[in-house]
Amino acid sequence: MKNFVGFALFVGLGILTSLWAQLDEQRNQNADLFKARQMLIECFAGLDLQRIIEQNAEYFEELDAGYDADNQRFFIEQPIAGSQYRDAGLLMLISYPRPGEAEICLYAPEHLSWQWLRSRVRRVPACINAPLVFEPMQQPDDMMPNSQPASATMQLQHCKYEPEMGN
């Protein structure tokens, strides 16, 4: 009987230790997510939305923005101060889907929880309306390199170019 009680205590202690480790890992992930979102909000708050809506060329030069003619949007890459990663940077994409409206997407670096913030900035008569939406990017575990789609229809969705079969 003593052996059974000892074994039961050992198993119970193992289960509690496992749960504790899981909770600790989840707490760390939540902290990383909070830091990433805080950084994205700080970056968004530092933008001059009025000048962005006006498509002010001088302001884009101040931000050292480039222009992607193919996708018709501005892009800005900013290094993250104090980051231990050499190539870590924040990516901003600014496009203009309609007159008087700008769509701003801010992407956190990969090591910061794979988050991005999106806002559709509109000018309304008295102010600028800019609701914020946080969205998770695809996690590294979700990506499956070198995998083949299950069906031919899915394969067509992923292919940009299909060579013609010989004539």
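One table, with the values for the structure above:
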{"item": "Per-pair calculated FRET efficiency, R0 = 35 Å: GLU135 and ASP24 via Cβ, rounded to 0.05", "result": "0.85"}
{"item": "Inter-site label distance for GLN72 and GLU103 at 7 Å from Cα along Cβ, in nm", "result": "1.1"}
{"item": "Ordering of 119-125, 25-31, 73-79, 58-64 by burial proxy (mean other Cβ atoms within 10 Å per residue, highest first)", "result": "73-79, 119-125, 58-64, 25-31"}
{"item": "Fraction in percent of alpha-carbon pairs per bin - 5 Å, segment 19-139", "result": "2, 10, 19, 21, 18, 13, 8, 4, 3, 2, 1"}
{"item": "Point-to-point label distance, PHE7-GLN38, nm (Cα→Cβ direction, 7 Å offset)", "result": "4.9"}
{"item": "Amide hydrogen neighbours beyond the local backbone of LEU90, cut-off 5 Å, H modeled", "result": "GLN78, ILE80"}
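No lab work stands behind these numbers, since they all come straight from the coordinates. Please read these numbers as outputs of a predicted model, since none were measured by experiment. Here Cβ is always computed from backbone atoms with ideal geometry, including for glycine, and neighbour counts include all displayed protein chains.
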